[in-house]
Amino acid sequence: MKEVLLFDLDGVILDSMPWHVRAWQEAFRSFGLEIPEEAIYLHEGAIELDTARELFTGQGIIPTPEFFREAFRLQKEIFTRKYRSRVQPFPGVVEQLEELKREGRKLALVTSSHREILREVLPASVEKLFDLIVSGDRVPRRKPHPDPYLTGLRELGASPQRALAVENAPAGIRSAKSAGLFCIAITTTLPPEHLREADLIVEDHPKLFRWLRNGRNS
């Protein structure tokens, strides 16, 4: 059993991705772009110039750093104004995190979301359960680069062998694996065929937490 557990936020701890996706679609629509839901889910945490260029070149848009800065600003504004109040932790997650803390595990949150968004959506009762939070604005390169997870391991003083990551999207899985971590993927937002780079795929939170506590699903 791993002593250090590093969790993604959106789609793992918070049931927030449908609202982030809607905000991204509305932001892109303001530029005349229609981006399918699945495309945004597949690029979760990695909608940036070097990781999501193909989303736009297929529609005749050559993205620039200025384009991404404005799209990101607009997405945050739309999400905060229209959708943040709908975000909640997945059922049972808080109680399971509390149980892991009682067992003496170290818990970290490793997310591409910026701290200003976390202040809007992460309840204080959930935030206090984490020994460390690594937000997207704290690292030089976000997911799928290894920087977020390497930062988490370094600040917790943990080796990859003592830790694991929980993710729900390809960019997060690649980030965790590049940092040398065992990675569990949960199918909250994407089907298993998109999560094959993970070491283990689980269907739901009850199975996830059974595995985290027992090393197996039952």
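Data table
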read-out: Search result, residues across region 115-140 that are part of a loop (DSSP other than H, G, I, E, B), more than 22 Å from Glu99 (Cα to Cα) and open to solvent by 80 Å² or more (accessible area, probe 1.4 Å); value: Pro140
read-out: Selection count, region 1-59, where residues are open to solvent by less than 20 Å² (accessible area, probe 1.4 Å), hydrophobic (A, V, I, L, M, F, W, C), under 21 Å from Ala198 (Cβ atoms) and assigned to a loop (DSSP other than H, G, I, E, B); value: 6
read-out: Filter pass, Ala179 being aliphatic (A, V, I, L, M), in contact with a Leu (Cβ under 6 Å, 6 or more places away or on another chain) and more than 15 Å from Asp10 (Cβ to Cβ); value: yes
read-out: So Glu167, is it closer than 16 Å to Leu5 by Cβ and surrounded by fewer than 24 Cβ atoms within 10 Å (Cβ to Cβ); value: no
read-out: Subset of region 44-72 (residues that are free of Cβ contacts under 8 Å to residues at least 24 places away in the same chain and of a type in the set (Phe, Trp, Tyr)); value: Phe56, Phe68
read-out: Segments classed as helices (runs of 4 or more DSSP H), wholly inside region 141-218, with at least 2 members that are in contact (Cβ under 8 Å) with a residue 40 or more places away in the chain and more than 15 Å from the chain's Cα centre (by Cα); value: 147-156, 205-214
read-out: Residue within region 99-111 that is modelled with pLDDT under 90, closer than 27 Å to Leu195 by Cα, touching a helix residue (DSSP H, G or I) at 6+ places or on another chain (Cβ under 8 Å) and assigned to a helix (DSSP H, G or I) present; value: no
read-out: The listed residue being closer than 18 Å to Glu167 by Cα and open to solvent by 60 Å² or more (accessible area, probe 1.4 Å), out of Lys106, Lys101; value: Lys106
read-out: Tabulated pairs, region 75-89, first open to solvent by 40 Å² or more (accessible area, probe 1.4 Å), second among the aromatic types (Phe, Trp, Tyr) and in a helix (DSSP H, G or I), C-beta under 6 angstrom, 6+ apart or interchain; value: Arg86/Trp19
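Yes or no, residue by residue, for (1) of a type in the set (A, V, I, L, M); (2) closer than 22 Å to Val93 by Cα; (3) exposed (fewer than 14 other Cβ atoms within 10 Å of the Cβ):
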position: Lys143; (1), (2), (3): no, no, no
position: Leu153; (1), (2), (3): yes, no, no
position: Thr189; (1), (2), (3): no, yes, no
position: Ile201; (1), (2), (3): yes, yes, no
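The values are calculated or read from the model by the stated rules, or taken from the named source; none is laboratory data. Remember, predicted model here, so these are calculated numbers, not experimental data. We place every Cβ from the backbone using ideal geometry, glycine too, and count neighbours over all the protein chains shown. These accessible areas exclude ligands, DNA and RNA; they are computed on the full protein's heavy atoms, side chains included. Shrake-Rupley method; radii C 1.70, N 1.55, O 1.52, S 1.80 Å.
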